[in-house]
Amino acid sequence: MRNIRFREALREAMIEEMERDDRVFLMGEEVGHYQGAYKVSEGMLEKFGEKRVIDTPIAEGGFAGIGVGAAMVGLRPIIEFMTWNFSAVAFDQILNNAAKVRQMSGGQLTCPIVFRGPNGSARQVGSQHSHSMEHFYATVPGLKLVAPSFPADAKGLMKAAIRDDNPVLVMESETLYGVKGDVPDDQDAIPLGKAAVVREGKDVTIVAYSRMTHVALEAAAALEKDGISAEIVDLRSLRPLDEDTIVASVQKTHRCVVVHEGWPYGGVGAEVSDRVQRLAFDALDAPILRVTTWDVPMPYNAKLELACLPQPDRVVAAVKQLVRRAQG
Amino acid sequence: MDTAVVSETDPDVMLFRVLRDDGTADPGVDHGMTDAVALRAYFEMRRLRALDARMILLQRQGRVGFYGAATGQEAVPIASGLALAKQDWVFPALREQSVMLVRGYPLRDYIGQVFGNAADNLKGRQPPSHQAGKAVHQVSWSPVIGPQIPQAVGAAMAMRMAKRRPHEIAVGYCGDGATSQPDFHAAMNFAGVFKAPVVIICQNNHWSISVPTAKQTASRTIAIKARAYGMPGVRVDGNDVLAVYKVLRDAFACARSGGGPTFVEAVTYRMGAHTTSDDPKLYRSDSEVEAWAKKDPIDRLRRYLEARGLMDDARDTKLEADASAEIVSIIREVEELAAPSLASMFDDVYAELPWNLREQKAALESGPRAPKH
């Protein structure tokens, strides 16, 4: 067991998979000579050379398409978006091509590709740079999507993503890259589509992923002091969604709060809420609440931004609202 | 294009031609097309024209939902199919679907795709004119204009990354309209920067639905755009199958030998509607269409074959009749086949059938029936 940073875990996963399979390569802006905009790919150019760690011109739509074409003829590209915000100009290649190649060719062609990069807010980078893009992509059949919260999951899910025969989107977080965590020496691929209960509790289920799992953990610690026991389900995979783990937890706690970055209209929180009300209706003692970014473009000012994002106190308030309601 | 500044001797606008108006080939050019290949090209172009005409007829009769014909533009796809090697990969746009027919894809499977039923290898998932055949290295394409061009470049780059594939190349197609798309720019830029073994072919057929080329670009020609990306741009008479064959063979050989990408503008004309959803009489003149009819690529090749004693009326009539009979016989065989099974819509969304689709498949099979319409 080693205590390593999130970015190191991602890097180890990519290196190990590139050593394991010579069809895997990394492509994106600044991934090579600059060692990655967030140093995720540090040292990889030196290790694998320019044929497998490829710096590209600035054209996300372009290199997303390059990746899709390379995947269609048998390679396994890892395409880094400097941030997922920039994938907006590559949306067509992901939505209409990567996600549909297998289906529209009647199963003849495949597109085993990983798109990855940081997602969500990143401290004062403004509205165009703070999007939670998972809410768009998680709706698309043909794609898989993971958003790990801890280094071990980052490594295991990245390895699984690279080995998967479908297009997989790995959504990281700029604010998590420096976070350390224990990673087993032999950390292998973690199956896609499996959530993890990262804190056991009995009064409420808090569903979260990526950075919001850490916010949920802080909230749970505060609730503990008030005698409220929160269970936290870290989704890890947003598509496929592990509804069994969510439902089992809610059947135990009878209350559910979903916490995510991004807007409250539709999205992952709405999806989880639908499944819980449908599959655990009789177990619920209170409505399902969502704690999200407010329904506005992200402000730049630090105080406004903090107020815009889900914080532990908002999660605590939501949980207390449910508990009070249930106590009548 | 502003014709006032176009001159035949200006290298930026010069059009490469081999077939002359009298049906002979320019003796100054080694076009490399043997008589056997020329006859094959004629057969393929003839059959494609007959196929397109029949499919449009079926669409008018309500037997096919949609069709996009290549009428008047047969020279580029057919010459491409003849000039490519078996291992090469094709990333087509709408008017190059037939490249796969030249490379061994069965006509029955091609027509089966148009009907989208049990005869369709794509299982009824894509509209007609959206073919794919992995066995002949031709990929699916998205009708959102342009995405196949960077994909072709990516496939070409992949071939140089993969150790065992040093002799493969990729070819990507687009129309004049697609040159306005960011994907075109990105593809040309990446092809140039990475010296990818790719040939990008633009069929300039003068019309993007109702928009003329002059409203797509202020460039004097489309071929000239290649210069900005650091690669050769060739402007070829797209209705001259010998010239297209020569240009493509040279470009493919260059890519294959490590010489990098080539961009080809094939100047041609869309004789029919954009698709069966379009009426070109609304935006272009009959006289323009009539002028291009005189430059028909099949007629020009026929004159060449006649001059060489390889074709005459009797042979041509038989060829036409045989092609039509084959098409009609296949239509008769496949048209009434059953639709793909309803549950098959859940297949191939992922490599495996995930639990949620397994549940939806069961719900579809046990739930209320969809209207028959």
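Compared with the rule-of-thumb size 2.2 N^0.38 Å for a compact globular protein, chain B has a Cα radius of gyration ratio of 1.02. Taking every residue in A:49-59 and counting other chain Cβ atoms within 10 Å of its Cβ, the average works out to 3.
Pair-distance distribution of the protein assembly as shown: all C-alpha pairs, bin width 10 Å, starting at 0; shares per bin in whole percent are 3, 14, 22, 22, 17, 12, 7, 3, 1, 0.
With θ taken as phi - 60° and the Karplus curve 6.51 cos²θ - 1.76 cosθ + 1.60 applied, the whole-hertz 3J(HN,Hα) list for segment B:243-257 is 5, 4, 4, 5, 5, 5, 4, 5, 5, 5, 5, 5, 4, 5, 8 Hz, x standing for glycine and proline.
Projecting the Cα positions of A:SER87, A:PRO57, A:VAL168 onto the charge dipole of segment A:2-183 (unit charges on Cβ atoms of Lys, Arg, Asp and Glu, taken about the Cα centre) puts A:VAL168 furthest along the positive direction. Rounded to the nearest 20 debye, the dipole magnitude of chain B is 880 debye, with +1 charges on Lys and Arg beta carbons, -1 on Asp and Glu beta carbons, and the Cα centre as origin.
Between B:SER285, B:SER257, B:SER208, where does the largest GNM mean-square fluctuation fall for chain B, given springs only between Cα atoms within less than 10 Å? Checking each option, the largest mean-square fluctuation is seen for B:SER285. Under a Gaussian network description of chain A, with springs only between Cα atoms under 10 Å, the residue in A:PHE136, A:PHE63, A:PHE115 that fluctuates furthest is A:PHE136. Across segment B:204-219, coupling constants 3J(HN,Hα) worked out from phi with the 6.51/-1.76/1.60 Karplus curve, θ = phi - 60°, read 7, 9, 6, 9, 9, 6, 9, 9, x, 4, 4, 9, 8, 8, 9, 5 Hz, and Gly and Pro carry x.
The fewest-to-most ranking of B:SER324, B:SER98 by surrounding Cβ atoms within 10 Å reads B:SER324, B:SER98. Normalised by residue count, segment A:43-105 yields a Cα convex hull volume of 87 Å³ per residue.
Separation of segment A:301-316 from segment B:174-220 is 47 Å, based on Cα centroids. Computed from backbone phi with θ = phi - 60° and the Karplus coefficients 6.51, -1.76 and 1.60, the 3J(HN,Hα) list for segment B:274-283 is 4, 8, 5, 8, 10, 10, x, 4, 6, 9 Hz; x is used for glycine and proline.
Counting every Cα pair in segment A:272-319, what percent are over 13 Å apart? Summing the P(r) of segment A:272-319 above 13 Å gives 64 percent of all pairs. By the count of other C-beta atoms within 10 Å, a proxy for reagent exposure, A:THR110, A:THR139, A:THR205 are ordered fewest to most as A:THR139, A:THR110, A:THR205. Other residues lying with their Cβ under 12 Å from the Cβ of B:ILE56 contribute a combined charge of +2, Lys and Arg counting +1, Asp and Glu -1. Mean per-residue shielding of peptide B:346-354 is 6, counting Cβ atoms of other chains within 10 Å of each Cβ.
Bridgeable lysines around A:LYS180 (alpha carbons under 27 Å apart, same-chain partners fewer than 8 residues away excluded): A:LYS39, A:LYS47, A:LYS144, A:LYS155, A:LYS159, A:LYS194, A:LYS225, A:LYS303. Distant-in-sequence amide contacts of B:ARG235, defined by a placed amide H-H separation under 5 Å and a gap of 5 or more residues or a different chain, comprise B:PHE16, B:GLU265.
Computed from Cα atoms, the angle from the helix A:60-72 axis to the main principal axis of chain A rounds to 70 degrees.
Annotation: lysines with alpha-carbon distance below 24 angstrom to B:LYS246 (same-chain offsets under eight excluded): B:LYS86, B:LYS195, B:LYS225, B:LYS294, B:LYS295.
Excluding same-chain neighbours fewer than eight residues apart, the lysines reachable from B:LYS361 by a Cα-Cα span under 18 Å are B:LYS123. Note: relative contact order over chain B, using C-alpha pairs below 8 Å and six or more positions apart, is 22 percent.
In a solvent-free Debye calculation with one equal scatterer on each Cα, what is log10 I(q)/I(0) for segment B:276-369 at q = 0.11, 0.12, 0.14, 0.23 Å⁻¹, listed in the order of the q values? So the normalised log intensities are -0.74, -0.78, -0.84, -1.12. Computed over Cα pairs, the Kirkwood radius of segment A:1-99 leads via Stokes-Einstein (0.692 mPa s, 37 °C) to a diffusion coefficient of 237 µm² per second. Rounded to the nearest 20, the Cβ-based charge dipole of the protein assembly as shown about its Cα centre (Lys and Arg +1, Asp and Glu -1) stands at 380 debye. Between the alpha-carbon centres of segment A:102-139 and segment B:291-337 there is a gap of 48 Å.
Over all directions, the projected convex hull of the C-alpha atoms in segment A:209-323 averages 7.1 nm² in area.
Mean-square fluctuations from a GNM of chain B, with a 10 angstrom spring cutoff on Cα atoms, peak among B:VAL136, B:VAL349, B:VAL328 at B:VAL349.
Given segment A:2-183 reduced to its alpha-carbon atoms as identical point scatterers, what log10 I(q)/I(0) does the Debye formula return at q = 0.19 Å⁻¹? Log10 of I(q)/I(0), two decimals: -1.33. Here the translational diffusion coefficient of segment A:101-226 follows from Stokes-Einstein with Rh set to the Kirkwood radius across Cα pairs; for 4 °C and 1.567 mPa s it amounts to 79 µm²/s. Each principal axis of the Cα cloud of segment B:70-153 was evaluated for its coordinate range; sorted largest first, these ranges are 32, 28, 26 Å. Can you pull the mean other chain C-beta count within 10 Å for peptide B:141-152? Going residue by residue through B:141-152 and averaging, the value is 6. The residues A:CYS256, A:CYS308, when put in order of fewest to most other Cβ atoms within 10 Å, stand as A:CYS308, A:CYS256. Here is the list for segment A:61-152: trypsin sites (Lys or Arg not before Pro) lying in DSSP coil, each with at most 16 other C-beta atoms within 10 angstrom of its C-beta, are A:ARG123. Bridge orientation summary for the protein assembly as shown: considering DSSP beta bridges with both residues in this region, about 20 percent are antiparallel. Inter-part distance, segment B:119-164 to segment A:1-78, computed on C-alpha centroids, equals 24 Å. Against the main long axis of the alpha-carbon atoms of chain B, helix B:148-161 sits at an angle near 80°. Stokes-Einstein diffusion for segment B:198-268, with the hydrodynamic radius set to the Kirkwood value over Cα pairs and evaluated at 4 °C in a medium of 1.567 mPa s, equals 103 µm²/s.
When only Cα pairs below 8 angstrom with a gap of at least 6 residues are kept, segment A:1-108 shows a relative contact order of 25 percent. P(r) tail, segment A:139-201: Cα-Cα pairs separated by more than 14 Å, 59% of all pairs.
Rounded to the nearest 20 debye, the dipole magnitude of segment A:144-225 is 160 debye, with +1 charges on Lys and Arg beta carbons, -1 on Asp and Glu beta carbons, and the Cα centre as origin.
Taking amide H as placed 1.01 Å from N in the peptide plane, A:ILE113 has its amide H under 5 Å from the amide H of A:VAL168, each at least 5 places away in sequence or on another chain. Helix A:243-253 and the long axis of chain A differ in direction by around 20°, with both axes built from C-alpha atoms. Shown here are the Rg and Dmax of the Cα trace of chain A, at 19.6, 65 Å.
Where a number appears in this text, it was derived from the coordinates with a stated rule and is not lab data. The structure displayed is predicted, hence computed values, not measured ones. Note that we place each Cβ from the backbone using ideal geometry, even for glycine, and neighbour counts take in every protein chain shown.
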